[in-house]
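Notes to accompany the following structure.
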Amino acid sequence: MMLLRRAWQRGSVSAARLRRRDSTCSLTGTTRDWTCSLTGPSARDYRDYSTMTARQTPGMEYQDAVCTLNTLQTNAGALEQVRRERSLPQLQLQAMRGFLQRAGLSVEELDHLNIIHVTGTKGKGSTCAFTEQILRSYGFRTGFYSSPHLVQVRERIRINGQPIGKDLFTKYFWQVYGRLDETKDAHGGTMPAYFRFLTILAFHVFLQEKVDLAVIEVGIGGAYDCTNIIRRPWVCGVSSLGIDHTQILGDTIEKIAWQKGGIFKPGVPAFTVKQPEDAMAVLGSRATETRCPLWVCPELEDYQADCGPLRLGLAGQHQRSNASLALQLSRSWLQRRCLPGESLPSGEEDPAVQQAAPFKPSPIMKKGLADTEWPGRNQTLKHGAVTYFLDGAHTMRSMTACVHWFRETATQQERRASGPVARVLLFNATGERDSPAMLKLLVPCHFDFAVFCPNITEAVASCNADQQNFNVSVENMLTRCLNNERSWHLHNKGPALLIEDRRAPERRADTLVFPCILSALQWITQGRDPVLADPAKRDSPVKPSITTQAAPLCDAAEIHVLITGSLHLVGGVLKHLDPASSK
């Protein structure tokens, strides 16, 4: 723990030093052939800010920008302000408008981004990814803002599906940061918090880069989320709802649905997947109050009657509802862009909540669904004898889906293995997550080892600034890991059995806690992953007693590792497994 603390302090000192230093499309194959021009409201009309006073600080590199960004993370001094805003949540949007104006932007200019705004508890990121890929496949220049990032913060702001480059991020970061820093003295020294700043930066980037549309994922909730400064989105979406972020959004599905419905705007079409009855009632009420037409998406199978099975680029049964929502969002956006005079389908039953009709997806839509990639969600990576199953599930519903996906996919791969397969769980959870309940859901996977570590990539000072978190201490993170280990033991009582036996529910996995992600991965893989076997990536040595526990991993023909519980954990793992992601 002392080693980790020293590494963490070195990162904090670096950040402190930086803090002192600065201040025509063709829509074919649907029910008809459509042709349209790309005229109309567009970010292409946005004025060029490059001549304004804000400028990039000379000599500042990408890591300097990220370290400075990290100083905006919520710290002890800002917690009281956060608590005040939670008691008066309308202050959040008021403050956001002020920061936006100080950055040289206005809400009126955001209207030109032709936004698709998506909220939800589970699947909103995947829905956005499907939607962005479909519309990009039509030839539109897309912007995509999402959170959190996995490896590098610039992943949150994408142009045409790719994270903006380091040079572009650095350039635009200092433009926005400079304007805010120059005006802070006149506003009580205030600067926007981390997520607010990135939201403003995303808007600035999309306007500067003249995208044809922007897909915007809500951060938390909807009504008072800082992305809800958007006045006139072209269409809104609500993915599957569940219980999460209860301290902010409320502890019932009705309260959470009320928050999510806060992104509805008068006259702007909105689509939702099927929801629990109580949640749907609240969404319907919010839509009626807002005078927002709301449609419920059909099952994905309903689209397939005329075109055959639809192939999805994202694994998991739960992605089917996300794909249906993406199809409706994409079609609605295309109708407004290419057929502005055509009205949406007439509704059925309750005029507040109508049933959306399935349609025959165009070949471009089908290709978009099949080509969609969204790392860290039901993702499988095979490195030699080691197969990694990565899913950032962090709610009860998403963990249930993760378990179903892992058991089905891992079992299929085990049938093809040349010998015994060892199963390992690598787990961590953050914030207010109910770790014991999520771990209980994972018991039927019958792991041979359960490994726990904090979301720290490596216990050395060289870890990059993109994944530093100053909101929680190393001691707190390690304490949580030890608590997770105890919870796992409580759920796994009974004698340990042979590695090959997967049938006995009383099987008990051996457990270990490591100080960082790299040391955990290196122990799990035992030199059998060529990417992690690089001598340059050696982390702190482990005790001989821990080394001897790994005999079953060395003897197994293959090692299957499920990494779950936190997208930040998954991102830290991908940093090591995919070195190109850090370049």
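The values are calculated or read from the model by the stated rules, or taken from the named source; none is laboratory data. Predicted model only: the values in this text are computed from it and were never measured. FYI the Cβ positions are ideal-geometry reconstructions off the backbone, even for glycines, and counts take in every protein chain you see. Protein only, heavy atoms only, side chains kept; ligands, DNA and RNA dropped before computing areas. Shrake-Rupley method; radii C 1.70, N 1.55, O 1.52, S 1.80 Å.
Tally the residues that are within 14 Å of residue 109 (Cβ to Cβ) and of a type in the set (Val, Ile, Thr), restricting the search to region 200-228.
3
If I ask for residues that are open to solvent by less than 10 Å² (accessible area, probe 1.4 Å) and of a type outside the set (A, V, I, L, M), which ones from region 201-216 would you list?
203, 204, 206, 212
Here's the yes/no breakdown for (1) open to solvent by less than 50 Å² (accessible area, probe 1.4 Å); (2) at pLDDT 95 or above:
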{"position": "32", "(1), (2)": "no, no"}
{"position": "38", "(1), (2)": "no, no"}
{"position": "72", "(1), (2)": "yes, no"}
{"position": "89", "(1), (2)": "yes, no"}
{"position": "114", "(1), (2)": "yes, yes"}
{"position": "129", "(1), (2)": "yes, yes"}
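Can you pull out the residues in region 150-170 that are more than 21 Å from residue 128 (Cβ to Cβ) and crowded, with 20+ Cβ neighbours inside 10 Å?
Answer for region 150-170, where residues must be more than 21 Å from residue 128 (Cβ to Cβ) and crowded, with 20+ Cβ neighbours inside 10 Å: just 170.
Collect the residues in region 91-103 that are among the hydrophobic types (A, V, I, L, M, F, W, C) and open to solvent by 20 Å² or more (accessible area, probe 1.4 Å), keeping them in residue-number order.
Those that are among the hydrophobic types (A, V, I, L, M, F, W, C) and open to solvent by 20 Å² or more (accessible area, probe 1.4 Å): 91, 93, 95.
What number of residues in region 274-304 are farther than 20 Å from residue 322 by Cβ and aliphatic (A, V, I, L, M)?
Number satisfying all stated conditions: 3.
Is it the case, given these coordinates, that residue 173 is under 20 Å from residue 112 (Cα atoms) and modelled with pLDDT of 95 or more?
Values: under 20 Å from residue 112 (Cα atoms): no; modelled with pLDDT of 95 or more: yes.
So residue 173 fails the test.
With the requirement that a residue be open to solvent by less than 10 Å² (accessible area, probe 1.4 Å) and part of a loop (DSSP other than H, G, I, E, B), what does region 116-127 give you?
120
Scan region 497-515 and tell me whether some residue there is more than 22 Å from residue 399 (Cα to Cα), assigned to a helix (DSSP H, G or I), of a type outside the set (Lys, Arg) and at pLDDT 75 or above.
No: region 497-515 contains no residue that is more than 22 Å from residue 399 (Cα to Cα), assigned to a helix (DSSP H, G or I), of a type outside the set (Lys, Arg) and at pLDDT 75 or above.
Considering each residue of region 364-416, count those that are out of contact with any Leu (no Cβ under 9 Å at 6 or more places or on another chain), among the charged types (D, E, K, R) and closer than 17 Å to residue 323 by Cβ, and give that number.
Number of matching residues: 2.
Restricting region 290-317 to residues that are farther than 21 Å from residue 128 by Cα and touching a Gly at 6+ places or on another chain (Cβ under 9 Å), which is most open to solvent (accessible area, probe 1.4 Å)?
291
Just for region 93-113: of the residues that are in contact with a Lys or Arg (Cβ under 8 Å, 6 or more places away or on another chain) and assigned to a loop (DSSP other than H, G, I, E, B), which one is farthest from residue 222 (Cα to Cα)?
Only one residue fits best here, namely 104.
Report the residue count in region 445-458 for those that are open to solvent by 10 Å² or more (accessible area, probe 1.4 Å) and among the aromatic types (Phe, Trp, Tyr).
Residues that pass the stated criteria total 0.
With at pLDDT 95 or above, over 28 Å from residue 318 (Cα atoms) and touching a helix residue (DSSP H, G or I) at 6+ places or on another chain (Cβ under 6 Å) as the only criterion, which of 286, 232 stands out?
Details: 286 fails: over 28 Å from residue 318 (Cα atoms).
Result: 232 is the single residue among 286, 232 that is at pLDDT 95 or above, over 28 Å from residue 318 (Cα atoms) and touching a helix residue (DSSP H, G or I) at 6+ places or on another chain (Cβ under 6 Å).
In region 176-213, what residues are within 23 Å of residue 115 (Cβ to Cβ), in a helix (DSSP H, G or I) and of a type in the set (D, E, K, R)?
Answer for region 176-213, where residues must be within 23 Å of residue 115 (Cβ to Cβ), in a helix (DSSP H, G or I) and of a type in the set (D, E, K, R): 179, 196.
Regarding residue 291, is this residue within 26 Å of the chain's Cα centre (by Cα) and either of a type outside the set (A, V, I, L, M) or on the phi > 0 side of the Ramachandran plot (or both)? Break it down into steps so the answer makes sense when it comes.
On the way: within 26 Å of the chain's Cα centre (by Cα): no; either of a type outside the set (A, V, I, L, M) or on the phi > 0 side of the Ramachandran plot (or both): yes.
Against the criterion (within 26 Å of the chain's Cα centre (by Cα) and either of a type outside the set (A, V, I, L, M) or on the phi > 0 side of the Ramachandran plot (or both)), residue 291 does not qualify.
When the residues of region 520-565 are narrowed to those that are surrounded by fewer than 22 Cβ atoms within 10 Å (Cβ to Cβ) and of a type in the set (Gly, Ala, Ser), which ends up modelled with the lowest pLDDT?
Looking at the filtered set, the residue picked out is 540.
Name the single residue, out of those in region 267-287 being over 21 Å from residue 357 (Cβ atoms) and open to solvent by 40 Å² or more (accessible area, probe 1.4 Å), that is nearest to the chain's Cα centre (by Cα).
Top of the filtered list is 276.
Please work out which residue is most open to solvent (accessible area, probe 1.4 Å), limiting yourself to region 566-583 and to residues that are more than 15 Å from residue 451 (Cβ to Cβ) and assigned to a loop (DSSP other than H, G, I, E, B).
Out of the qualifying residues, it is 583.
Restricting attention to region 254-266, report how many residues are within 15 Å of residue 354 (Cβ to Cβ) and modelled with pLDDT under 95.
Restricting attention to region 254-266, the residues satisfying the condition of being within 15 Å of residue 354 (Cβ to Cβ) are 264.
Next cut, modelled with pLDDT under 95 only: none.
Within region 254-266, residues that are within 15 Å of residue 354 (Cβ to Cβ) and modelled with pLDDT under 95 number 0.
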